[in-house]
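So the structure is just underneath, and the comments pick up after that.
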Amino acid sequence: MNALESVGFRSDGRLLALNSYENRVYQVGMEEGVSLVAKFYRPERWTNEAILEEHAFVQELAEREIPVVPALVLDGKTLHSFEEFRFAVFPKHGGRAPELENRDTLEWMGRFLGRIHAIGALKPFQHRPELNIDSFGIAPRDYLLEHDFIPGDLLAAYSSVAAQALDGVLHCFNRAEEVSTLRLHGDCHAGNVLWTGDGPHFVDFDDSRMGPAVQDLWMLLSGERADMARQMGDVLAGYEDFHDFDARELHLVEALRTLRLIHYSAWLAQRWDDPAFKQAFPWFNTQRYWQDRILELREQIALMQEPPLWQA
């Protein structure tokens, strides 16, 4: 509340912590006007330049009437500091999770993602990272092995299966050959989409980075292979109204899922000293957790050997 007051907003005392673990995000009631959302950035995760580049990208999308939620510009700035924390302020936007089993919803989502990517392809990020095998696979795997998170009796099995999985990822990227990268949402799952009567609003570009377009599409898929193939067709039916899709990227769907699984375990491990993580993820770093991850990666190794999910 003091941080918001430092940029000109006086709270009425109502605070609601929103579902965020990477950063700390609060809905804050105002004495005058509607509630606002304040995001306090995890120290040392991003440079100021990287955060401002994300803000500029979202503002660029908003200026083209794409439904996103940009940070408020206050005294000419979107990034502020209070005591030792950096923060940004956003308007509150309500909504519900999209009904991704609905074909019209998937096509609608595809249209807006096509519009986002059409803008994302205009120029690259300069300060934000790229989603690739090294940053999302090799480095996270190495962190887990080097910091003694894997139980001793499972260490050899995890090390072996992770190596095989990363070989499979590399094979998928080789099959896809050279695919283009562009500015992405980066974490486009249903939880980061708010649906209203006007359609979707895309929120939380905190993981925005350079990467292949399909990264923003595959997390909308679920179910059996036949279900996901139909869903991808529905998404692309809308997507290609606004941006061309390189079908070679379909080789990357299971590879990107594999990278996300390895990266997610390392993400939890790297933040395990944060008390909020121990409370929210009590199942992490148990014997059962790592047994399940080994089985999961074995399944991914098999899936990465299958043909692409969908073809035009």
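Specify which of the listed residues (293, 288) is crowded, with 19+ Cβ neighbours inside 10 Å, at pLDDT 95 or above and either assigned to a helix (DSSP H, G or I) or assigned by TED's automatic domain parsing to the domain that holds residue 228 (or both). Before you say what the answer is, go through the steps one by one.
Working: 288 fails: crowded, with 19+ Cβ neighbours inside 10 Å.
On inspection, the qualifying residue turns out to be 293.
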Restricting attention to the range 154-201, and to residues there that are in contact with a strand residue (DSSP E or B) (Cβ under 8 Å, 6 or more places away or on another chain) and closer than 26 Å to residue 307 by Cα, which single residue is surrounded by the fewest Cβ atoms within 10 Å (Cβ to Cβ)? 181
Any residue at all in the range 34-41 that's buried (at least 19 other Cβ atoms within 10 Å of the Cβ), under 23 Å from the mean Cα position of the chain (by Cα), modelled with pLDDT under 95 and among the aliphatic types (A, V, I, L, M)? no
Among the residues that make up the range 110-118, is at least one of them without any contact (Cβ under 8 Å) to a residue 60 or more places away in the chain and closer than 25 Å to residue 201 by Cβ? no
Is one or more of the residues making up the range 38-52 within 27 Å of residue 280 (Cα to Cα) and part of a helix (DSSP H, G or I)? yes
Those residues that are over 25 Å from residue 207 (Cβ atoms) and part of a strand (DSSP E or B), I need them from the range 16-32; list them, please. 29, 30
For the range 2-37, how many residues meet the condition of being touching a residue at least 24 places away in the same chain (Cβ under 8 Å), of a type in the set (A, V, I, L, M) and closer than 24 Å to residue 280 by Cβ? 3
If you go through the range 143-153, how many residues are surrounded by fewer than 17 Cβ atoms within 10 Å (Cβ to Cβ) and within 18 Å of residue 296 (Cα to Cα)? 3
Of the criteria (1) in a helix (DSSP H, G or I); (2) touching a Lys or Arg at 6+ places or on another chain (Cβ under 8 Å), which one residue 272 fails: (1)
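The values are calculated or read from the model by the stated rules, or taken from the named source; none is laboratory data. Just so you know, these numbers come straight off a predicted model, no measurement behind them. Cβ: placed from backbone, ideal geometry, glycine included. Neighbour counts: every protein chain shown.
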